[in-house]
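Beneath this line is the structure, given in structure tokens, with notes to follow.
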């Protein structure tokens, strides 16, 4: 058991307990999503009705056909709901809560150039942030808006159709106080059939488009503000790691962002123990069970911290 698990499960270390009280979660470089505290808080978020609602076609992601039928059936209903066929994992709402609470101001504007599912938008709105996400798929946007319609917000999250590398054409204007996104992992998984979807591109082409999207997003970020990219390395067809984490760090630097924090999100192993034996015995590939949380700062981190303000957790409604 690692140190964070010990703190989370037993809370015997008084210093760690004080860190929970002050910052929601200890500000260490390891986020243990397997620990009891994390899982309990994630259940609270899911109990609110959060669902990724990812609009991917059936040949790209199973379950799409039934889900699309549900969106059409309930979208105009007084009580819309997302179909139970969604068994896909959702973007971690606890990580989302922490990133907003630590690195963005209450009432501030968040830009998400790779909007994907609805979690980052819904959590932002529930935490009194103004969120704008961009996604190339109209189906994805419909799914996000359906999910968001289940909640009441002071600031309703907005999703715009467009290309992350051409944010101005997508209708993005003005300046933002935080960038928070999770880009596609190259050609590891196709997200749509759209010809401009970078998940359809060879890695070299994907990387050029991704680098441009980081530059474009950075232009819309206010000075002295943070940006967070959740990424992970993935392999090419020969089994060699692409180096996407390093490429993301370099893309941020080339966009004028200072690389500031690097944390590991330790994720659920799920079926990994069953899948790890063959690849390891055959070619010594390690089973991947983490993602990288990369935080950048545009300008002065001390001023960015002042702007972000006091760390405030989300207050769940009392039963």
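Details
- Qualifying residue in the range 260-281 (condition: more than 26 Å from residue 135 (Cβ to Cβ), modelled with pLDDT of 95 or more, in contact with a helix residue (DSSP H, G or I) (Cβ under 7 Å, 6 or more places away or on another chain) and surrounded by fewer than 18 Cβ atoms within 10 Å (Cβ to Cβ)): yes
- Condition broken by residue 112, with the remaining ones in (1) closer than 27 Å to residue 46 by Cα; (2) at pLDDT below 95 satisfied: (2)
- 3 or more residues under 22 Å from residue 97 (Cβ atoms) and in contact (Cβ under 8 Å) with a residue 12 or more places away in the chain: qualifying helices (runs of 4 or more DSSP H) within the range 222-319: 301-308
- Filtered residues of the range 153-180 (kept if in contact (Cβ under 8 Å) with a residue 40 or more places away in the chain, part of a strand (DSSP E or B) and closer than 26 Å to residue 299 by Cβ): 176, 177, 178, 179, 180
- Meets criteria (modelled with pLDDT under 50 and in a loop (DSSP other than H, G, I, E, B)) for residue 69: no
The values are calculated or read from the model by the stated rules, or taken from the named source; none is laboratory data. This one's a predicted model, so the numbers in the text were calculated from it and none came from an experiment. For neighbour counting, all protein chains shown are included, and Cβ atoms are generated from backbone atoms with ideal geometry for every residue, glycine included.
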